[in-house]
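Report on the structure given below.
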Amino acid sequence: MAYKIAIIVGSLREGSINRKVARSICGLKDNLDCSMIEIGDLPLYNQDHDANPPEQYVRFREQIAAADGVLFVSPEYNRGIPGVLKNAIDIGSRPYGQSVFDKKPAAIVTASPGSIGGFGANHQIRQACVFLNMPVMQQPEAYLGHVTDDSFDDSGCLKEGPLKGLITNLAHAFHDWVDMIHRSRRLLAEDSAHVALAEKAHA
């Protein structure tokens, strides 16, 4: 089945290589119904807004809540998460106890023209996901180094080659990861229901 995936890109720049990577993943149509969730209009998170949130907060939270999984695609700024992405994570996680990220299967892709492929940002996002109770796909890891505008065709999607092959494998793996998480939860819920019925019958 096709799973609904929210892709959050950690760069606002229209020509961002990470945005192009995200667009390429959307174009694969690999049983993933992907939507790129815009975060550039989100006001800075302010706890004072919890009782009466801005409409941008509401829209973003509803989009994430409706997804079966979340894919983070981001550059690295100063060895860390871009501020705009961290702001979006904070907005989605609040008010306390009402996080829209809770239990959502996730994967992380970071791309950079440099050689380490956004390793620092990748692991900071992963650290946040652990706290947010998001089961994060472990393999394949995706620190995409030496990615430039020349890696993409005129439509802004990855050219045929090893990089596109890696991204295609990642999309396959993420579909299987999301499927495993949701399928396992359904089976556990069914088992719990059967146990409850059995206990009631013997009561």
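Structure values in brief
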item: DSSP-defined antiparallel bridges as percent of all bridges, the chain, nearest 5; result: 10 percent
item: Given [x] 13.3; [y] 10.2; [z] 12.2, the label whose value is mean projected area of the Cα convex hull in nm² derived from this model; result: [x]
item: Carbon plus sulfur fraction of accessible area for the chain, probe 1.4 Å, in percent; result: 54 percent
item: Ellipticity estimate at 222 nm from DSSP helix runs (n ≥ 4, -39,500 (n - 2.57)) divided over the chain, nearest 500; result: -14000 deg cm²/dmol
item: Entries of K20/K159; K103/K164; K4/K159; K104/K159; K20/K86 with Cα pairs more than 22 Å apart; result: K103/K164; K4/K159; K104/K159
item: Using θ = phi - 60° and Karplus 6.51 cos²θ - 1.76 cosθ + 1.60, couplings along segment 95-103 (whole Hz; Gly, Pro as x); result: x, 4, x, 10, 4, 7, 8, 3, 6
item: Separation in nanometres of the label points that stand 7 Å from Cα toward Cβ, at S184 and D48; result: 4.3 nm
item: Accessible solvent surface per residue of the chain, calculated while the other protein chains remain in place, 1.4 angstrom probe, Å²; result: 52 Å²
item: Ranking by accessible area, most exposed first, for R13, R79, R61 with a 1.4 Å probe; result: R79, R13, R61
item: For K159, solvent-accessible area (1.4 Å; no DNA, RNA or ligand), Å²; result: 100 Å²
item: Principal-axis tilt of helix 83-93 within the chain, Cα atoms, nearest 10 degrees; result: 10 degrees
item: Residue-level accessible surface for S11, protein heavy atoms, 1.4 Å, Å²; result: 10 Å²
item: Listed residues K86, K104, K164 arranged by accessible area, highest first, probe 1.4 Å; result: K86, K164, K104
item: Point-charge dipole on Cβ atoms (K/R +1, D/E -1) for segment 1-119, about Cα centre, debye to 20; result: 360 debye
item: Computed magnitude of the charge dipole of the chain (debye, nearest 20; Cβ of K, R +1, Cβ of D, E -1); result: 240 debye
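The values are calculated or read from the model by the stated rules, or taken from the named source; none is laboratory data. Not measured: the values here are computed from a predicted model. With ideal geometry, Cβ positions are generated from the backbone for all residues, glycine too; neighbour counts draw on all protein chains shown. Ligands, DNA and RNA are stripped out before the accessible areas are found, and what is left, the full protein with its side chains, is counted by its heavy atoms. Shrake-Rupley method; radii C 1.70, N 1.55, O 1.52, S 1.80 Å.
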